[in-house]
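A.B. asks: Take this structure, written in structure tokens, and hold onto it; I'll ask about it next.
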Amino acid sequence: MTTATLAVRVWRGGVDGQFHDYEVPRRPAQTVLDVVTYIQRRIDATLAYRFACRVGMCGSCAMTVDGRARWTCRTHVDTVARAGRLEIAPLSHLPVIRDLVVDMAPFFDKWARAHGSFVPTASRRDDYARITPTTAARRAVDAGIECIGCGVCYASCDVVAWKPDYLGPAALNRAWTLVNDTRDGGQAQRLQAVAGDAGCHACHTHQSCTERCPKQLVPTAAIAGLKRLVARAAVRGEIQ
Amino acid sequence: MSAVRAQSYLWLAQRASAAVLALAVIVHLATMIIVVRGGLSAAEILERTRGSIGWAVFYGAFVLAVAVHAPIGLRTILAEWVGVRGRPVDLTLVLFALALLASGLRAVYAVTRP
């Protein structure tokens, strides 16, 4: 058993907080979430952080690790700690509640603004919809549907920082999966919602979202798809 | 026209003008390099451009693309890096676009007039 330790700086407090230093024992296959949990359970029980599944499914444990947004439950210390040091802060671009916990409400409010909910066109009396898996539309849905809503893309997006009303990569990716859902009946309103300065047109294609998405999704491609559809709709006079 | 619709058109206009500029800049730079390497003087260049409908159309399109593209890009930069946006900014940028267009077309006229 190793006796090596990790020097960890953790953000404590709200927006006006500061980093506190902790010594955490190194363990084999240790994740960043393990480190935070060790601090909370063994050193300082007042440390606030958020997690649930611990296996990369729920999207609740994202934090800024050494300046970069990551899902902490699937990020091994070995891959991020340099010279036995680690800095852990809350996600960027979201209001800090306390310590490592941010308010995700603005993030999910934008999903709602982007019409990110399914609008059914069939009733319970209708038969199941038959969707051919090989169609281009369904493949586009498949490419983006595994988003876990962790906020890593949102925290990594420069445009969100510069333009706070920008919907952001996750909300637009969600809208793109619904735009390609042939069962959905809310397409016109959705295209309207994702158009304009605060929508898909604000994306500069920096691709930080795509580079950092822990699920290897490509929100940049989703946003490019929306740009094409909105442009077509605008030419046809369908954008009000 | 609604703001969102106008913004969608602005995005389209910027993309379309970018496509024109991509071609125009290449042609312009290639022409400049060929002319300079060929040793033509200013008077000899003017001799070739004066009265040329082709060059007038090419540089007229170039100037128009610049007048469309630059203010839209500037509008985004002002919104994102300076934090200013809204109608007064948009109207100022329209004036900027007109100034670019007027000064550019004046230059085109100067080198292509008969």
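The values are calculated or read from the model by the stated rules, or taken from the named source; none is laboratory data. Worth saying up front: this structure is predicted, and the values here are computed from it rather than measured. Cβ sites come from the backbone with ideal geometry, for glycine too, and all protein chains shown count toward neighbours. Surface areas here come from the heavy atoms of the whole protein model, side chains and all, with no ligands, DNA or RNA. Shrake-Rupley method; radii C 1.70, N 1.55, O 1.52, S 1.80 Å.
A.B. asks: Of A:T37, A:T31, which residue is open to solvent by 20 Å² or more (accessible area, probe 1.4 Å) and more than 30 Å from A:W162 (Cα to Cα)?
C.D. replies: The conditions single out A:T37.
A.B. asks: Among the candidates B:S41, B:S8, B:S52, B:S17, single out the residue that is of a type in the set (S, T, N, Q), over 27 Å from A:G199 (Cβ atoms) and in contact with a helix residue (DSSP H, G or I) (Cβ under 8 Å, 6 or more places away or on another chain).
C.D. replies: B:S52
A.B. asks: Just give me the residues in the range A:27-60 being among the basic types (K, R) and more than 25 Å from A:C147 (Cβ to Cβ), in sequence order.
C.D. replies: So in the range A:27-60, the residues among the basic types (K, R) come out as A:27, A:41-42, A:50, A:54.
Residues satisfying the conditions are A:R27, A:R41, A:R42.
A.B. asks: Out of curiosity, is A:G168 more than 10 Å from chain B (Cβ to nearest Cβ), over 20 Å from the mean Cα position of the chain (by Cα) and either surrounded by fewer than 21 Cβ atoms within 10 Å (Cβ to Cβ) or closer than 28 Å to A:V65 by Cβ (or both)?
C.D. replies: Criteria not met by A:G168.
A.B. asks: Same structure, new question: Consider the range B:1-28. How many of its residues are outside any helix (DSSP H, G or I) and open to solvent by less than 60 Å² (accessible area, probe 1.4 Å)?
C.D. replies: Of the residues in the range B:1-28, 1 are outside any helix (DSSP H, G or I) and open to solvent by less than 60 Å² (accessible area, probe 1.4 Å).
A.B. asks: Test A:R139 against the criterion of being within 14 Å of chain B (Cβ to nearest Cβ), at pLDDT 95 or above and open to solvent by 80 Å² or more (accessible area, probe 1.4 Å), and give yes or no.
C.D. replies: Answer is no for this residue.
A.B. asks: While we're on this one: Any idea which residue in the range A:199-219 is nearest to the chain's Cα centre (by Cα), counting only those that are within 20 Å of A:D165 (Cβ to Cβ) and either at pLDDT below 95 or part of a helix (DSSP H, G or I) (or both)?
C.D. replies: The residue in question is A:C209.
A.B. asks: Just name the residue that is farthest from B:M1 (Cα to Cα) out of those in the range B:75-94 that are open to solvent by less than 50 Å² (accessible area, probe 1.4 Å) and within 10 Å of another protein chain (Cβ to nearest Cβ).
C.D. replies: Selected residue: B:E80.
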